[in-house]
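Colleague: This is the structure, below, for whatever I ask next.
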Amino acid sequence: MYLAVALMESGFDLAHKPNTGPDIKLVNPSIWVEAVSSTDGNKNGKQIQPSAATPEVLLQPVSGGPPEGDIILRYLTSIDEKRKKLLGYYDRKGKWHPGYIERGIVNHSDPYVIALNTYKTSFALYDHQHTPNHLPTIAKCLFGYGNSVRQWYRRDGLSGSISLDR
């Protein structure tokens, strides 16, 4: 709901949403938006990744900083759930569940955006993406960058090419 209101306040027109399908449809331009919140995860009623209220700056000398791999896994899991809704998927028993495209809700050429809210993911708020030489965790998640990737900045302020560290 927050995302829909924010889009309307930004001047976008929203279409009336059918009972099934993505969360939001923008009109002019026509874009489907699927909203999802990433969390720490739950398995059998237990948290998979423990919540943390302490900033990574305080934890870094003790435990090596936030668990970036776990954060990336939570982001990817949330994104994958919405991808499955669009394209369809086989469940663990081998049964096919058709997605929005196959069911005729979304056209295969329609733009489809997955809006990820990371607020409920531990340590996600401490992703210092605006600090020099830091690649945002979401970029590592979506583009497969590993721990050895560095981003170099040119003197003109534009980012240079990304290279591997040895």
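The values are calculated or read from the model by the stated rules, or taken from the named source; none is laboratory data. Everything quoted here is computed from the prediction, not taken from an experiment. Positions of Cβ are generated from backbone atoms using ideal geometry, with glycine treated the same way; all protein chains shown enter the neighbour counts.
Colleague: Only residues that are at pLDDT below 90, surrounded by 13 or more Cβ atoms within 10 Å (Cβ to Cβ) and of a type in the set (Gly, Ala, Ser): list them for the range 1-60, please.
Modeller: Of everything in the range 1-60, those that are at pLDDT below 90, surrounded by 13 or more Cβ atoms within 10 Å (Cβ to Cβ) and of a type in the set (Gly, Ala, Ser) turn out to be 38, 41, 52.
Colleague: When only residues in the range 111-126 that are of a type in the set (A, V, I, L, M, F, W, C) and at pLDDT 85 or above count, which is farthest from residue 79 (Cα to Cα)?
Modeller: To start, the set of residues in the range 111-126 that are of a type in the set (A, V, I, L, M, F, W, C) comprises 113-116, 123-125.
Subsequent filtering for residues that are at pLDDT 85 or above retains 113-116.
On the way: 113: 10, 114: 7, 115: 9, 116: 7 Å.
Ranking the candidates gives 113 first.
Colleague: What is the residue count in the range 70-117 for residues that are of a type in the set (Ser, Thr, Tyr), in contact (Cβ under 8 Å) with a residue 24 or more places away in the chain and either buried (at least 19 other Cβ atoms within 10 Å of the Cβ) or in a loop (DSSP other than H, G, I, E, B) (or both)? Full working, then the answer.
Modeller: Let us first name the residues in the range 70-117 that are of a type in the set (Ser, Thr, Tyr), namely 75, 77-78, 89-90, 100, 109, 112.
Filter again for in contact (Cβ under 8 Å) with a residue 24 or more places away in the chain, leaving 75, 77-78, 100, 112.
Filter once more, keeping what is either buried (at least 19 other Cβ atoms within 10 Å of the Cβ) or in a loop (DSSP other than H, G, I, E, B) (or both): 75, 78, 100, 112.
Qualifying residue count for the region: 4.
Colleague: Give me the pairs, please: first residue somewhere in the range 18-44 and part of a loop (DSSP other than H, G, I, E, B) and among the acidic types (Asp, Glu), second residue anywhere and modelled with pLDDT of 90 or more and surrounded by 12 or more Cβ atoms within 10 Å (Cβ to Cβ), beta-carbon distance under 6 Å, and either six or more positions apart or on two chains.
Modeller: Taking only residues 6 or more apart or on different chains, the pairs are 23/34; 23/35.
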